[in-house]
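Data block below; observations after.
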Amino acid sequence: MKPTLSQLRAFSAVAEHLHFREAASAIGMSQPALSGAVAALEETLGVRLLERTTRKVLLSPAGERMAVRARAVLHAVGDLLEEAEAARAPFTGVLRLGVIPTVAPYLLPAVLGLVQKRYPALDLQVHEEQTSSLLDGLGQGRLDLLLLAMPLEAPGVREVPLFDEDFVLVTPEDHPQAGRRDVPRALLPELDLLLLDEGHCLRDQALDICREAGHTEGAQVSTSAAGLSTLVQLVAGGMGVTLLPRTAVRVETSRNGSLRTAYFADPAPSRRVGLAMRTGSAREDEFTAFATALRTTLSRLPVQVAA
């Protein structure tokens, strides 16, 4: 007897979630069927993969090693199916797109419009997550393509730049910098800068900008938020200032008349946004063509499209 893909899929889900109910829900399998599949895999391999207690599930030492192998097998099978699908017809079937939260609300309307108009046979599924989770999903085969800030410099990942966009300073209406169009970068470390919570790449980018401006420890941050909408409301309440990507400014500042913007003197601090795929992906040509079409669509936004 040999392990089946269903057994490997069930075990891989349990290894990821360490919880039978959550694992079953994640792969759309009943809990009894999942438990049976894992037990059958243990019997087939002659190895105990899990240590079950009344409160939690743990991987045995052998299970930890087998989980890595199981994910590799499932990933390889996914690549095989992906290759066959791409060979049949590009821009058809499912495309699982991962997007970071500081990009999703501002670029997805353009992305969705492009897909609906140009690729109607493509089943686009969008997942909004932070960068580290997206990269994990790409590596595990849970996601096909990522739309996020770069550089990533992650092994096994090919980056395709789409555009660069400036950061804009958002202030209360009575702030000394409100309305300026020549704010020097060197001023940043002196401001009460409000940033996103830990884990958001935009927070790291803002701190890097402050370091580049000559402040070795970055900005002094006493308050943070989980999203850009909360940040701008804190600014409107007089708690400080914040940095927004240019694509987010119209959406986020139009909700409150007490907010003002200020622009940096050239060269303004900026970020690069692009697509990321697995190196050697079966759909690499398809995704590259998608990037080219997307650049044309995004050129209408206040960005500098990559060559």
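With contacts taken as Cα pairs under 8 Å and at least 6 residues apart, the range 1-85 reaches a relative contact order of 30 percent.
Working from the alpha-carbon coordinates of the chain, get Rg over Rh, Rh being the Kirkwood radius. For the chain, the value is 1.06.
Give the separation of the Cα centroids, the range 90-108 to the range 143-175, in Å. A separation of 14 Å, based on Cα centres. Measuring how big the range 83-123 is from its alpha-carbon positions, Rg and Dmax come out at 12.0, 35 Å. Backbone amide hydrogens, once placed in the peptide plane, bring Glu173 within less than 5 Å of Arg260, excluding anything fewer than 5 places away on its chain.
With loop membership from DSSP and a limit of 11 other Cβ atoms within 10 Å, the longest segment of the chain without GluC sites (Glu not before Pro) is 1-152. If you sort the three axes of the alpha carbon gyration tensor as a ≥ b ≥ c, you get a/c of 1.5 or more for the range 1-150 and a/b above b/c, which makes it prolate. Karplus-based coupling profile of the range 125-130, in residue order and whole Hz: 10, 9, 10, 9, 8, 6, with θ = phi - 60° in 6.51 cos²θ - 1.76 cosθ + 1.60 and x standing for Gly or Pro. Taking the DSSP bridge list for the chain and keeping only pairs wholly inside it, about 65 percent are antiparallel. Each Lys and Arg adds +1 at its Cβ and each Asp and Glu adds -1 at its Cβ; summed about the Cα centre, the chain shows a dipole of about 680 debye. Solvent exposure of the chain, expressed per residue, is 50 Å² of accessible area, with all protein chains present and a 1.4 angstrom probe.
Dividing the convex hull volume of the Cα atoms of the range 51-118 by its residue count, what figure in Å³ per residue is obtained?
Details: hull volume 10.7 nm³, N = 68.
It is 157 Å³ per residue.
Between Thr4 and Ala26, full extension at 0.36 nm per residue minus the direct alpha carbon distance yields a gain of 6.1 nm.
For the range 140-211, what is Rg from Cα atoms divided by 2.2 N^0.38 Å, rounded to two decimals? Spell out each step's value before the answer.
Numbers: Rg = 16.2 Å, N = 72, 2.2 N^0.38 = 11.2 Å.
In units of the globular-protein estimate, the range 140-211 measures up at 1.45.
Could you work out [θ]222 nm for the chain from helices alone, using -39500 (n - 2.57) per DSSP H run of at least four and dividing by all its residues? Round to the nearest 500 deg cm²/dmol. Write down the numbers at each step before the final one.
Numbers: 10 runs with 133 residues, N = 307.
Mean residue ellipticity at 222 nm (helix-derived): -14000 deg cm²/dmol.
Residue separation times 0.36 nm, minus the C-alpha to C-alpha distance between Ala226 and Asp192: what's the value? Spell out each step's value before the answer.
On the way: separation 34, 0.36 × 34 = 12.24 nm, distance 1.76 nm.
Between Ala226 and Asp192, full extension yields 10.5 nm more.
The Cα atoms of the range 265-307 give a gyration tensor whose axes a ≥ b ≥ c have a/c of 1.5 or more with a/b no greater than b/c, which makes the shape oblate. Between the amide H of Phe264 and those of Leu169, Val183, distances stay under 5 Å, these residues lying 5 or more places away or on another chain, with hydrogens modeled in the peptide plane.
The values are calculated or read from the model by the stated rules, or taken from the named source; none is laboratory data. Predicted model only: the values in this text are computed from it and were never measured. Because the Cβ atoms are built from the backbone with ideal geometry, glycine has one as well, and the counts that use them run over all protein chains shown. With ligands, DNA and RNA removed, areas are computed over all heavy atoms of the protein, side chains included. Shrake-Rupley method; radii C 1.70, N 1.55, O 1.52, S 1.80 Å.
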